[in-house]
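The values are calculated or read from the model by the stated rules, or taken from the named source; none is laboratory data. What you are looking at is a predicted structure, and each value in this text was computed from that prediction instead of being measured. Here the Cβ positions follow ideal geometry from the backbone for every residue, glycine too, while neighbour counts run over all protein chains shown.
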Amino acid sequence: MIKNIIKKSLTTVSLLLLSFTVESATYDLLEEQKTDQLLLPNTQLGNSFFTLDPTPQQAINDQKRDYLEALELIKNQKFQEAEKKINTLLKNNPKEAEFYNLQGLLESTNKQPEHALKSYQKAIDLDPKNLKAHLTIAKISLDTGNLKRAKEYAYKTLSINNKTPYAFYILADIALKQNQPLAAEKALLTAKQRNQGNIKIEVALANNLGKFYITQKQPQKLLPLAKDIITRYPKESSALSLLANAQLINHQKKEAEKTLKKLINQDKQNIPDRLLLIKLLVGQPEKEKNILKLLDEISSIAPDNLQVLSQKTVYLIKLKHYREAKEVAAKVNRLAPKSGFLHLVEGEIYLSKKNPDLALSAFQQAYQIKPTEKILNIITDIMVSKGKQSEAVNFLNKELKKNNKNLAAHFKLATLYQQQNNLIEAEKHYKSILAVMPDNALVLNNLAWAYHQQNNPKALKLAEQAYKLAPNSAAIADTYGVVLTKVGNLQQGIDILEKASKLPPMAYDIKYHLAEAYATNGDKKQAIDILNQIVNADQIFSEKNAAIALLKKLEEN
């Protein structure tokens, strides 16, 4: 089902100013995972080392120069030029394993995994203990769904070096894909144990364990890990950051505040942890002076840093220090005159003051200077919140006349039309996005729901496709569960809806759909129990009237 597509009210600051964020290095544990792999870091495997057989020094220098130039070309996606340079290296050095690694990197970056596998295998044939080649074959195999081969080469990597953390990340991800969370945890804990004494790797592994524990709803398990590391490295900044993060995700705000203050005292130039501490203190009126002091310190450290100034305006608006916020915004405008930043800040201030009409005018001025997807979305949301749906539709259609490839405008239009039950127009715009982004789970989900509303059998295929891409999305699981029950796959639909009802954010619409499924399956008691819970709650949800009607019907029969 479509969830929170258009905001019905704009009562808080939209925070459009945060087009970039400065956060603590470990605070990303709190962010939703968006990669296909849960734990595998986004690490480039192609430039970690360079080795050659004994060769005259000048030849070594020339080869190293060409190697590094090829790497730079790959990084800049100049694949044809890189290929020519690599072919020359291989022609002159046909037995150099490292050049086959380089060729494999080019091929994997250029989305040719099967060619890359052959190149890395050639590197292994020349050098059976080539760590990089084994590891990258494992990674490519994981990405392409060959879990057996991924596991085989991860273990081969560990037979060469039993401490390699990247191999353990691969094993952990394989275990998660096979629904074996205990095996994933064991892999990461084993890696941490084997790397004890290497603070950098220990902290990285603990952070990944933290991500794992969050997905398993076991954040409390990160605390003892963090405390163990801080006991051995009491003044190490990365260890303190890990501890602060563990405290935050376990809602130990006072302890996290103390830890962040230690970090700041250790490093007088530390901006990210000052910003994180401010984020923690916002909402506590008695801490306003502390926040302002921290903001002043940040300004002194980086007086002309646009990211820092942007963050500062956000917090000044939250504190309702509007004049100071506009002063900082004016400085940003002087540093970046084509950013439209001052108008953005004015828009944020008017939203904070609950004056959407003036906010809309300010955002429209900002959009004229620098049109961005974020500003387009909030302009549309304000119009809709004011009941000006037709004005929003006209605005978006004008943007599409200027640029028919504006996917943000297509998406906004599609969701507006879908809310107006104009499903034919909604379908047209969703299809425009899918033509460019065929694996966009949210668009697939919304189009599946539109088809479901029309009793179109295409709904099942799209809902299943979206679910496979994002199985941990509550809204997407909800759509798939509802469509499954509609086509008669009751038990599978109930299983999916039960899962969806436990995923954040908890939504009463999903619980209603689960109750509906139970009722259809003849489980009247479970259906009534859920309906009583959601009907008697204060929360308003879109299908509350339908839930009331279903409860009345079940109790009467």
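Of the set (1) among the small types (Gly, Ala, Ser); (2) within 16 Å of residue 445 (Cβ to Cβ); (3) at pLDDT below 95, all apply to residue 459 but (3). The residues listed here are 481, 522; of these, the one that is at positive phi and either at pLDDT 95 or above or not β-branched (Val, Ile, Thr) (or both) is 522.
So which residues in the range 501-518 are out of contact with any Phe, Trp or Tyr (no Cβ under 8 Å at 6 or more places or on another chain) and either modelled with pLDDT of 95 or more or buried (at least 21 other Cβ atoms within 10 Å of the Cβ) (or both), if there are any at all?
Passing the criteria: 501, 510, 511, 513, 514, 515, 516, 517, 518.
Among the helices (runs of 4 or more DSSP H) confined to the range 121-233, the ones with at least 2 residues that are of a type outside the set (Phe, Trp, Tyr) and in contact (Cβ under 8 Å) with a residue 40 or more places away in the chain are located at 131-143, 165-177, 181-194, 199-215. Scanning the range 316-365 for residues being surrounded by fewer than 21 Cβ atoms within 10 Å (Cβ to Cβ), within 29 Å of the chain's Cα centre (by Cα) and of a type in the set (Gly, Ala, Ser) gives a total of 3. Using the structure shown, decide if residue 104 is within 30 Å of the chain's Cα centre (by Cα) and surrounded by fewer than 19 Cβ atoms within 10 Å (Cβ to Cβ). No.
Within the range 236-251, residues that are without any contact (Cβ under 8 Å) to a residue 12 or more places away in the chain reach partners that are not basic (Lys, Arg) with beta carbons closer than 9 Å, at six or more positions or on different chains, in the pairs 251/219. Evaluated against (1) under 29 Å from the mean Cα position of the chain (by Cα); (2) without any contact (Cβ under 8 Å) to a residue 12 or more places away in the chain; (3) surrounded by fewer than 17 Cβ atoms within 10 Å (Cβ to Cβ), residue 115 falls short on exactly one condition, (1). Being out of contact with any Leu (no Cβ under 7 Å at 6 or more places or on another chain), basic (Lys, Arg) and surrounded by fewer than 18 Cβ atoms within 10 Å (Cβ to Cβ) holds for only one residue in 156, 163, 177, and it is 163. Of the residues making up the range 536-543, none is surrounded by 14 or more Cβ atoms within 10 Å (Cβ to Cβ), part of a helix (DSSP H, G or I) and either touching a residue at least 24 places away in the same chain (Cβ under 8 Å) or among the β-branched types (Val, Ile, Thr) (or both).
Scanning the range 366-398 for residues being surrounded by fewer than 21 Cβ atoms within 10 Å (Cβ to Cβ) and out of contact with any Pro (no Cβ under 8 Å at 6 or more places or on another chain) gives a total of 19. Restricting to the range 118-150, and then to whatever is within 24 Å of residue 205 (Cα to Cα) and more than 26 Å from the chain's Cα centre (by Cα), can you tell me which residue is surrounded by the fewest Cβ atoms within 10 Å (Cβ to Cβ)? Per the criteria, the residue is 148. Answer with yes or no whether residue 414 is out of contact with any Phe, Trp or Tyr (no Cβ under 9 Å at 6 or more places or on another chain), among the small types (Gly, Ala, Ser) and buried (at least 20 other Cβ atoms within 10 Å of the Cβ). Criteria not met by residue 414. Just one of the listed residues (206, 172) is within 27 Å of residue 273 (Cβ to Cβ), in contact with a Leu (Cβ under 8 Å, 6 or more places away or on another chain) and buried (at least 24 other Cβ atoms within 10 Å of the Cβ), namely 206.
Counting only helices (runs of 4 or more DSSP H) that fall entirely inside the range 423-486 and contain at least 1 residues that are touching a residue at least 40 places away in the same chain (Cβ under 8 Å), the qualifying elements are 441-453, 474-486.
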